[in-house]
Each structure stands twice: as structure tokens, then as C-alpha cells.
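The values are calculated or read from the model by the stated rules, or taken from the named source; none is laboratory data. These figures come from a predicted structure and were not determined experimentally. Please note: Cβ atoms are built from the backbone with ideal geometry, for glycine as well, and neighbour counts cover all protein chains shown.
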Amino acid sequence: MFRALDGGGAKQSIDVDGRRVQVRAGIPLAIALLEAGVIPFRKTPVSGEPRAPVCLMGVCFECRVAVDGRSGVQACMIEVADGMSVRISSGDALAGDDADV
């Protein structure tokens with residue numbers, strides 16, 4: 001689906017729902033998750049509809065995940081960090097899904 005244009009660079013390891021994933025260093029978390037095939041990022045609490053990033057610039061709020069225990073983090077607005085722990089929402093308030101945005 002998504003692939004890096006340069007195809008290389010330093011790698012970091014992050015944890016996504018208990019699974020270790022190797023990602024490129026220095027990129028936004030949302031891009032790293034997309035490149036790793038992590039879709040959807042969350043599901044709405046009311047209907048359970050899957051959601052994924054739309055804008056990648058902090059406007060749409062569809063990329064909200066829990067990062068290192070902090071819920072509602074916009075993955076497009078933070079850089080990946082080695083050892084980062086990411087949890088994908090299953091429709092509960094874990095990733096800040098208390099309202100459909």
C-alpha cells in the first residue's frame with residue numbers, strides 16, 4: 001500500500017497492540033503505521049465503523065490512537081520513537097473515541 005520513496009534509512013522498533021513493528025526513524029507515527037499496514041487506526045464507538053487518516057496534518061482527528069498509555073493522540077502529529085507502545089482503538093474510549101468527529 002504505502003512504501004518509502006527512499007526505501008531505506010534508520011529503523012526503530014515500536015509495539016503495536018503487542019506486536020513488534022520495525023518502522024523508519026524520524027517520520028510521523030501515522031505514516032509509520034500506514035507503511036506497516038496497520039489499518040484501521042480506530043473504530044467509532046457508536047457504529048464500529050473503521051477509521052484511518054484522511055488529512056495527515058492534524059485536522060481530521062481520524063488517526064487517534066493511544067501512545068504510551070496516553071489516549072486520543074493524533075498519530076500524524078507525533079514522531080515515532082524507539083520502543084513506543086501504540087494501541088489501536090476497538091470502539092471504546094481508549095483512543096479518544098468518545099464522539100464521532
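Exactly one of (1) at pLDDT below 95; (2) out of contact with any helix residue (DSSP H, G or I) (no Cβ under 9 Å at 6 or more places or on another chain); (3) under 22 Å from GLN12 (Cβ atoms) is unmet by PHE41. Its number?
It is condition (2) that PHE41 fails.
Filtering segment 23-58 down to residues that are more than 9 Å from the chain's Cα centre (by Cα) and basic (Lys, Arg), which residue is surrounded by the most Cβ atoms within 10 Å (Cβ to Cβ)?
ARG51
Any residue at all in segment 72-85 that is modelled with pLDDT of 95 or more and touching an Asp or Glu at 6+ places or on another chain (Cβ under 6 Å)?
As a first pass, look at segment 72-85 and keep what is modelled with pLDDT of 95 or more: 73-85.
Then drop every residue that is not touching an Asp or Glu at 6+ places or on another chain (Cβ under 6 Å), which leaves 85.
Yes: one or more hits.
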